[in-house]
Amino acid sequence: MRRALRRHGTLSLLPLRRLRRQAVAACGGLLAVGLVTAGCGAAGANPGGDTPVGGGTVTYALQPNQTPDYIFPFTNGNAFTVANTDTFQFLMYRPLYWFGDRALPYLNEKYSVADPPVYHGQIVTFKLKKQYKWSNGTPVTAQDVLFWVHMQQAVGASDWGGYVPHEFPTNISSIRAIGQDEIKMVIVGRYSRLWFTDNELSQITPMPLYWDRTSATATSDCAQVVSDCAAVYNYLNGQSKNPGTWPGSPLWSIVDGPWKLVSYSAQQGLAFKFNAAYGGPAAKHHIRTFVERPFTSEEAEYNVLQAGGSNGLDVGYMPTVDAPVPPPGNQLGTNPVGGYKLQAVYVWGLSYFAYNFSSADPQLAVASQLYIRQAIQLLENQAAIIQGPLHGYGKVTAGPVGGYPPTKYLSPLAKRGDPYPYNPLEARTMLADHGWTVSPATGTLTCTDPGSGARQCGKGITRGTPLKLNMYYSTGTSWLESAVLQLKSNAAQVGINILVTGQTFDQVIAEVTGQACSSGKCPWELADWGLGWSYSPDYMPTGDELFQTGAAANLGQYTNARNDELIEQTLHNYSNADMWKWENFLTTQLPIGLQPNGVSALVESIGSLHIGTQSSTLSINPEEWYYVR
Amino acid sequence: MITYLVRRVLQALAVLVLVSILLFGMLWLLPGGPKQAILSGVHTSAGLAGVRRDYGLGSPAVLGYLSWLGQVLHGNLGYSYVENTSVSSLLAASLPRTLVLTLTATVLAIVVAIPVGLLQAARRGSATDHVIRGLSYVGYGMPSFFLGSILILVFAVREHMFGAEGPQQPGVVAMLTDWRDLTLPVVTLAVLTLAIFARYVRTAAIDSLAQDYIRTARAAGAGQPRVLSRHVLRNSLIPVITLAGLSIPRILAGALVVESLFNIEGMGWQLWQAALKHDFPVLLGFILVIGAGAVLGSLLADLGYAIADPRIRYVRT
């Protein structure tokens with residue numbers, strides 16, 4: 001969850017910040033290759049002509065309660081949200097490498113500040129593109145990169161929201177500038193080039209040397225001396241407070257991205273003007289002003305979108321509950337909002353619920369049985385969830401790698417669809433074959449044949465043990481609540497008693513990661529905090545952060561030696577075959593419950609505006625948007 | 001009257017202190033204590049130092065309370081590490097919006113409810129009374145999200161007569177003059193309040209109309225309009241004053257549903273968000289202000305009674 005979890009910096013496990021809390025996309029439409037395409041299915045839309053018109057303003061709806069509140073791009077875990085990074089900071093401060101190539105979450109060289117890295121053994125070098133300049137006139141240099149990396153080395157473990165223990169920058173032994181625009185790093189250990197670029201270099205955002213200071217008047221030297229960085233960080237973090245002071249700030253007005261913040265109001269929104277000094281790519285007839293408007297609820301946003309008028313939205317979104325069901329074979333239904341084009345955006349991530357493999361779980365013996373997890377998976381009716389509460393806007397999750405958009409990482413087996421299609425009869429048979437019988441008194445399955453044999457309940461399960469599981473789930477996302485209740489109902493039909501407890505996202509995470517799970521009883525067997533995990537800023541979906549033994553985001557504390565071994569292979573010498581091998585293996589082990597990936601946003605863009613296909617990484621490029629007539 | 005006023009103000013101040021102790025004590029009693037509650041979202045060493053300063057963490061509870069109270073008395077309600085801004089600035093942004101919305105709705109409701117209630121009392125049992133009573137029940141029973149949604153769909157989305165959201169411009173004057181955006185949320189909120197107020201005014205007026213002094217007034221030749229305006233109205237205001245006084249904390253606390261529906265980041269919406277995010281500094285600061293509002297409302301209601309009914313001010317408690 002990248003950042004996704006971010007807002008919850010309550011966790012000490014930093015990668016948790018990537019746990020996704022809800023649909024966070026701002027705008028985006030995505031679509032998988034060859035599937036949904038921008039604007040398709042927009043019956044009633046007025047696409048206008050095809051002659052670009054220069055200039056203009058776009059008013060863009062932020063997701064409910066997702067107003068950016070942190071501007072310093074070295075973002076701490078508490079502020080590590082899509083709203084702060086992808087739809088705010090990235091507009092002004094460009095990451096070294098940009099990910100999101102139309103719908104696919106791959107490296108996008110066009111929008112990257114540096115040329116692709118070059119690897120020679122364990123040495124990696126990259127050159128900054130010459131056309132990028134800060135808005136104060138100075139070029140973006142290697143020193144700006146050193147500034148960032150040194151800050152990560154100094155305070156990254158405590159203050160960088162994307163920090164992963166034992167990985168970047170711990171896994172480099174040296175970094176230095178070669179001339180003005182080139183960087184050379186020496187990597188500790190052996191990693192695949194793809195992994196190092198997509199999951200490590202992807203974190204870096206060059207920072208202007210003007211920020212290298214400890215007060216408005218005192219400069220520092222964090223770009224050269226790591227020990228100077230903590231004080232610099234404290235100053236910059238302090239300056240990132242009180243958002244009303246950001247516009248016009250001598251610090252934050254120095255940008256290398258295409259947009260400059262000119263006003264900030266929590267109620268009225270944020271206004272950006274195009275940065276005339278921007279050296280990167282932009283549409284020839286791009287818009288000149290970009291306004292992000294906050295909303296208190298999806299309903300409020302949708303009302304404003306539908307009402308239109310002078311206070312209307314140019315880019316907004318439709319709540320899933322209002323979404324038109326697509327006709328068979330189509331990706332989108334008929335757009336009910338006249339004059340707008342509809343896109344469906346699916347985030348690059350993995351949707352799942354966790355099982356608890358912690359020794360602190362009193363029901364560990366039950367959750368540890370593979371056949372029980374398989375039975376539960378057979379009761380998870382992904383197709384019904386997609387067609388029901390998701391109104392057709394969901395994608396099947398088929399394994400430990402996100403299935404949509406369909407990337408090169410997805411195994412051919414996973415591309416075939418749900419590996420455990422809904423089959424309560426098979427689930428019932430599977431449990432009966434392992435010694436479980438429905439108790440006439442309670443209607444719940446109880447173990448009547450304890451033991452470790454192939455057709456017995458399993459190790460640690462005693463006679464009379466009821467098949468009763470506690471599940472925490474996050475309330476607030478209607479389709480997810482429906483999915484959880486549907487699973488409970490389906491399970492009850494075969495005699496599994498799932499006791500569901502709805503809590504806020506924060507509470508679920510606190511339960512899963514809290515003190516009870518490390519020192520005492522950890523009373524949950526299943527936990528669903530929302531939408532699982534989003535791959536950002538680690539865009540390559542290797543399992544080292546989610547499934548490897550001891551990984552910080554391995555919330556269920558799953559451990560499997562074969563799995564660890566296969567993950568290591570994907571890290572050190574990448575090949576699709578290795579990735580697929582790991583993926584197929586773990587699909588059979590079900591360390592997580594697979595659930596549909598619900599649409600992140602149903603984006604509505606006004607017919608006369610061209611915004612193109614939006615990215616599954618949820619970043620946006622309004623400098624590429626233009627009006628047509 | 002002055003003695004009465006001073007006594008009530010002193011009582012109000014004592015209650016306020018008790019409210020603050022209660023609030024701070026509740027924070028101390030949270031699982032894990034105030035440190036865990038407040039620091040849950042704090043990731044930086046600078047943040048830790050700020051929290052220790054604002055809430056006196058590390059000190060005994062009494063000293064912590066005095067430290068916090070000192071900060072509050074200096075206008076520092078704490079810092080929201082979730083929203084990355086001071087509680088005072090959140091309050092300054094949301095309170096005017098809520099006041100404009102809820103006060104306008106309350107005033108509108110009172111202005112309409114008093115004549116309506118009097119009319120019902122004067123025509124008790126008539127068709128007019130029955131129709132208005134029926135409408136009151138509908139207004140009272142209709143969920144605000146439903147009424148608001150209907151009003152938006154009809155008057156904003158379809159007819160474009162009003163805006164689909166509340167006023168977005170900063171400043172009380174700008175909001176009050178933005179009648180196009182202010183109308184629907186105010187009407188939505190006023191309907192419920194109006195129905196309640198009208199019912200109370202009707203009941204009080206019916207009681208007044210049965211009093212001897214009304215019979216005397218009529219015997220002296222006073223017509224119905226004069227009876228209602230000069231003799232019944234003042235006595236019928238007692239329950240309205242009570243309701244208005246009790247409404248002050250509600251007015252300050254905002255109207256979560258209406259604010260959420262009409263995109264108004266007011267007190268109610270901010271409080272709800274703070275509760276969801278476990279943003280205790282915001283909860284503490286906002287509830288303190290609302291608690292102060294409750295005490296103030298009670299005080300104003302008491303003073304209102306004394307003005308409306310001179311007998312009250314002479315009663316010693």
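Since every read-out is calculated from the coordinates, none of them should be taken as a lab result. Because the structure is a prediction, the values reported are computed rather than measured. When we count neighbours, we look across all protein chains shown, and the Cβ atoms used for this are built from the backbone with ideal geometry, even at glycine.
The alpha-carbon atoms of the stretch A:229-338 define a convex hull whose volume equals 202 cubic angstrom per residue.
Computed over chain B, relative contact order equals 24 percent, with contacts defined as Cα pairs under 8 Å that lie 6+ residues apart. Of A:453, A:179, A:265, whose Cα points farthest to the positive end of the dipole of chain A (charges on the beta-carbon: +1 Lys, Arg; -1 Asp, Glu; origin at the Cα centre)? Farthest along the dipole direction, towards plus: A:179. Taking a straight Cα-Cα cut-off under 23 Å and skipping sequence neighbours fewer than 8 places away in the same chain, the lysines within cross-link reach of residue A:415 are A:395, A:581. Scaled against the 2.2 N^0.38 Å expected of a compact globular protein of N residues, the Cα radius of gyration of the stretch A:192-236 reads 1.47. Under a 5 Å amide H cut-off, with hydrogens placed 1.01 Å from N, residue A:80 pairs with A:7 among residues at least 5 apart or on other chains. Label separation (residue A:221 vs residue A:448): 8.0 nm, computed from points 7 Å beyond Cα along the C-beta direction.
How big, in percent, is the set of alpha carbon pairs in chain A lying more than 50 Å apart?
So the portion of pairs separated by more than 50 Å is 11 percent.
For the stretch A:449-601, what relative contact order do you get, as a whole percent, if you take Cα pairs closer than 8 Å and at least 6 residues apart?
Details: 166 pairs, mean separation 24.6, N = 153.
The normalised contact order for the stretch A:449-601 reaches 16 percent.
If the segment from residue A:573 to residue A:482 were pulled out straight at 0.36 nm per residue, it would be longer than the present Cα-Cα gap by 28.6 nm.
How far is helix A:298-307 tilted off the main Cα axis of chain A, in degrees rounded to 10, range 0 to 90? For helix A:298-307, the angle is close to 50 degrees. Over all alpha-carbon pairs in the stretch A:140-213, figure out the percentage whose distance exceeds 22 Å. Across the stretch A:140-213, Cα pairs with separations above 22 Å total 19 percent. Relative to the dominant Cα principal axis of chain A, helix A:478-494 is inclined by about 10°. The base-10 log of I(q)/I(0) for the stretch B:208-316, evaluated at q = 0.18, 0.23 Å⁻¹, reads -0.89, -1.14 [Debye formula, identical scatterers on Cα atoms, solvent excluded]. The ratio of the alpha-carbon radius of gyration of the stretch A:414-494 to the globular-protein estimate 2.2 N^0.38 Å is 1.29.
Could you work out Rg/(2.2 N^0.38 Å) for chain B, with Rg from alpha carbons only?
This ratio for chain B stands at 1.19.
Taking each of A:241/A:273; A:184/A:273; A:129/A:260 in turn, the alpha-carbon distance tops 26 angstrom for A:184/A:273. Across chain A, Cα pairs under 8 Å and at least six residues apart give a relative contact order of 25 percent. Amide H to amide H, with H built 1.01 Å from N, residue A:601 comes under 5 Å of A:345, counting only residues 5 or more places away or on other chains. Building the convex hull from the alpha-carbon atoms of the stretch A:535-629 and averaging its projection over directions returns 8.5 nm². Using the alpha-carbon positions of the stretch B:193-248, Rg (one decimal) and Dmax (whole number) come out as 12.4, 40 Å.
The eigenvalues of the Cα gyration tensor, multiplied by 5 and square-rooted, give the stretch A:298-454 an equivalent ellipsoid with semi-axes of 42, 18, 16 Å from largest to smallest.
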